[in-house]
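The values are calculated or read from the model by the stated rules, or taken from the named source; none is laboratory data. Note that the coordinates shown come from a computational prediction; the quantities given were computed from them, not determined experimentally. Neighbour counts are summed over all protein chains in view; Cβ atoms, including those assigned to glycine, are modelled from backbone coordinates with ideal geometry.
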Amino acid sequence: MQRLILIIEDEKPIVDILKFNLERENYKVIYAMDGEEGLSLALSKAPDLILLDVMLPGMDGFDVCRRVREKSTVPILMLTARDEELDKVVGLEMGADDYITKPFGVRELMARVKAHLRRTDKGTETKESQVIRFGEYSILCDRYEITRDGQVVELTLREFELLKFLAQQPGRIFTRENLLEQVWGYEYFGEVRTVDVTIRRLREKIEDNPAEPRYIITKRGVGYYLKAE
Ligand code: CA
């Protein structure tokens, strides 16, 4: 099935480069050149992945990201012109799955697009009906869902992958570098803080008191593990 990619970017030359390369890989591409239109396409067309520029006229990329996240767990890759730590952290806080600094290499970008789509593919292609349980939670691997006492908890794909990874080996401590490599899974430019931000967001979603987590535990100076009760 042809996957649909939404590009939200106000610089036409960048739209053209992205569109050309994505179409060459047989993706269907739609695009918007401002945040409002982008948001409306994101919600009405249900794309499989969104490439989202940060600096946009009107509503900026962070706002678009936050608004899309209220409704959808679609993978969002943010494009940032400035190699600023702040942008990356803000983007992740808003629920982006990944960020790419402009100017970017087309090959690197395509590799990341594919990596994210592969993750969503897995859910439909393999028939693993594996369920991992901890506490009052169930991770339904084939449905990419996590439930708490039967109620679905909304997680982004990355949050889901991270939680699933930790839950597969409860009690085992993983370093942040470990998690970057295993969960982000490709040449991710070494931002271990990305792991911390994602862990914090996960805790906010699954812990009753994120300041005193019961499940996702920090091993000081080492990393993180999941405590199965
Ligand atoms: Ca821009």
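In table form, for the structure just shown:
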item: Scope the range 173-229; condition at pLDDT below 90 and closer than 21 Å to Ser138 by Cα; matching residues; result: Val183, Ala228, Glu229
item: Meets criteria (under 21 Å from Leu155 (Cβ atoms), within 14 Å of the ligand (Cβ to nearest atom) and either touching a residue at least 40 places away in the same chain (Cβ under 8 Å) or in contact with a helix residue (DSSP H, G or I) (Cβ under 6 Å, 6 or more places away or on another chain) (or both)) for Met78; result: yes
item: Total residues in the range 7-30, condition surrounded by 13 or more Cβ atoms within 10 Å (Cβ to Cβ) and within 11 Å of the ligand (Cβ to nearest atom); result: 6
item: Subset of the range 42-82 [part of a helix (DSSP H, G or I) and within 17 Å of Val29 (Cα to Cα)]; result: Ala42, Leu43, Ser44, Lys45
item: Subset of the range 42-67 [within 20 Å of Ile17 (Cβ to Cβ) and hydrophobic (A, V, I, L, M, F, W, C)]; result: Leu49, Ile50, Leu51, Leu52, Val54, Met55, Leu56
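Quick grid of which residues meet (1) free of Cβ contacts under 8 Å to residues at least 24 places away in the same chain; (2) surrounded by fewer than 18 Cβ atoms within 10 Å (Cβ to Cβ); (3) closer than 17 Å to Gly91 by Cβ:
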site: Gln151; (1), (2), (3): yes, yes, no
site: Arg158; (1), (2), (3): no, no, yes
site: Glu161; (1), (2), (3): no, no, no
site: Lys164; (1), (2), (3): no, no, no
site: Ala167; (1), (2), (3): no, no, no
site: Ile173; (1), (2), (3): no, yes, no
site: Gln182; (1), (2), (3): yes, yes, no
site: Thr194; (1), (2), (3): no, no, yes
